[in-house]
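Comments concern the structure below.
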Amino acid sequence: MPKRTDYISWDEYFMGVALLSAKRSKDPSTQIGCCIVSPDNIIISVGYNGFPKNCSDDEYPWEKQGESFMNIKYPYVVHAELNAILNAGGRSLKNCKLYCSMYPCNECAKAIIQSRIKEVYYLSDKYAELDIYKISKRMLASAKIKTIQMKSEIKSIVINYNANEI
């Protein structure tokens with residue numbers, strides 16, 4: 001019997017892990033996931049957007065807008081990219097690839113640059129016109145970090161938990 005030919009590429013696999021990680025986010029409006037991979041295609045770390053450890057997601061705001069900065073999610077939430085970098089536990093990320101469901105903001109770009117990650121793969125760039133994303137693009141380009149917007153023929157992957165159908 002010949003081997004299968006309809007398997008997914010490495011890039012599709014790692015972006016799939018990032019998208020699956022995003023499903024852990026409790027953010028009601030935006031779920032972002034990230035996967036960091038070694039030059040040898042070994043997953044080093046994953047992350048998703050959420051509150052820092054020991055900060056209850058029942059006690060902090062999830063709103064995008066409010067009467068003050070204290071009452072919105074942005075000053076509290078750790079982005080998926082930073083979470084993945086921190087979850088690497090101090091392991092070297094030099095020359096690694098980062099897969100993220102959305103283009104990184106300026107704050108995450110700084111962490112990516114400092115971590116010496118060499119490539120960033122992303123799906124969405126829906127906030128490209130906002131200054132923080134323009135700044136991110138400028139910094140990543142200056143640091144010579146390659147950014148690639150992934151295009152795939154795959155529209156969805158179904159994960160089946162029915163053991164009888166595996």
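Residues that are hydroxyl-bearing (S, T, Y) and assigned to a loop (DSSP other than H, G, I, E, B) were ranked within the range 2-18; the one that is surrounded by the fewest Cβ atoms within 10 Å (Cβ to Cβ) is T5.
Of all residues in the range 108-128, those being touching a residue at least 60 places away in the same chain (Cβ under 8 Å) and out of contact with any Phe, Trp or Tyr (no Cβ under 9 Å at 6 or more places or on another chain) number 1. Tallying residues that are open to solvent by less than 10 Å² (accessible area, probe 1.4 Å) and of a type outside the set (G, A, S) within the range 106-124 yields 4. Being open to solvent by 20 Å² or more (accessible area, probe 1.4 Å), at pLDDT 95 or above, under 15 Å from V37 (Cα atoms) and not β-branched (V, I, T) is a property that holds for K94. The residue that is nearest to M102 (Cα to Cα), among those in the range 28-67 that are open to solvent by 50 Å² or more (accessible area, probe 1.4 Å) and of a type in the set (A, V, I, L, M, F, W, C), is V46.
The values are calculated or read from the model by the stated rules, or taken from the named source; none is laboratory data. Here the structure is a predicted model, which is why all the values come from computation and not from measurement. Quick reminder, even Gly has a Cβ in these numbers, built from the backbone with ideal geometry, and neighbours come from all protein chains shown. Calculation scope for accessible area: heavy atoms of the full protein, side chains included, ligands and nucleic acids excluded. Shrake-Rupley method; radii C 1.70, N 1.55, O 1.52, S 1.80 Å.
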